[in-house]
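Reviewing the structure listed below.
Rule-based calculations on the coordinates, nothing more; no lab input. Note that the structure is a prediction, hence the values are computed from the model and not measured. So basically every Cβ, Gly included, is an ideal-geometry build from the backbone, and we count neighbours across all protein chains shown.
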Amino acid sequence: MRRDCPPTAGKERLEVLGDGASAVLEDFRTLTLRRNGRVRKSRKLAQDKGHRACVAAFIEAVRTGGPAPIPVETLAAVTEATFAAVDSLATGEPVSVGS
């Protein structure tokens with residue numbers, strides 16, 4: 001968490017904007033959808049970050065000899081994007097990803 005954030009601020013937030021609509025997911029508990037002046041909000045008491053399902057999918061792939069739940073190419077692309085984001089923050093310049 002950033003040092004300038006109050007301790008009561010959520011630690012995870014995802015915002016998606018486009019085509020006249022927005023979605024905000026806070027701490028994997030509250031989802032707010034806005035479109036055409038309408039707001040729809042849903043809340044969960046428990047967080048579901050998908051860890052249990054991810055582990056179960058991995059174990060099932062190992063047991064059955066099936067494909068990995070997340071392809072290696074996807075994991076490599078995420079890693080490359082993460083390093084590019086760090087470089088961009090350090091330099092203040094855009095960094096291209098993908099070849």
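Just to verify a number: FRET efficiency for V16 and V55, C-beta to C-beta distance, R0 = 35 Å, to 0.05? Each step should come with its number before you reach the end.
Working: r = 26 Å, r/R0 = 0.75.
That gives a FRET efficiency of 0.85.
In the set (1) 62; (2) 56; (3) 28, which value of percent of Cα pairs over 21 Å apart was calculated from the structure you see?
Structure-derived value, by its label: (1).
How high is the relative contact order of the chain, in percent, counting Cα pairs under 8 Å that sit 6 or more residues apart?
For the chain, the relative contact order is 12 percent.
How far, in nm, would the chain grow between T82 and T64 when pulled straight, counting 0.36 nm per residue and subtracting the alpha carbon separation?
Numbers: separation 18, 0.36 × 18 = 6.48 nm, distance 3.14 nm.
So the chain would gain 3.3 nm between T82 and T64.
Please list, by residue number, every one of the trypsin sites (Lys or Arg not before Pro) in region 18-99 that is coil in DSSP and has at most 15 other beta-carbon atoms within 10 Å. Spell out each step's value before the answer.
Values: sites: R29, R34, R35, R38, R40, K41, R43, K44, K49, R52, R63; in loops: R29, K44, K49.
Here the sparse-neighbourhood loop sites are R29, K44, K49.
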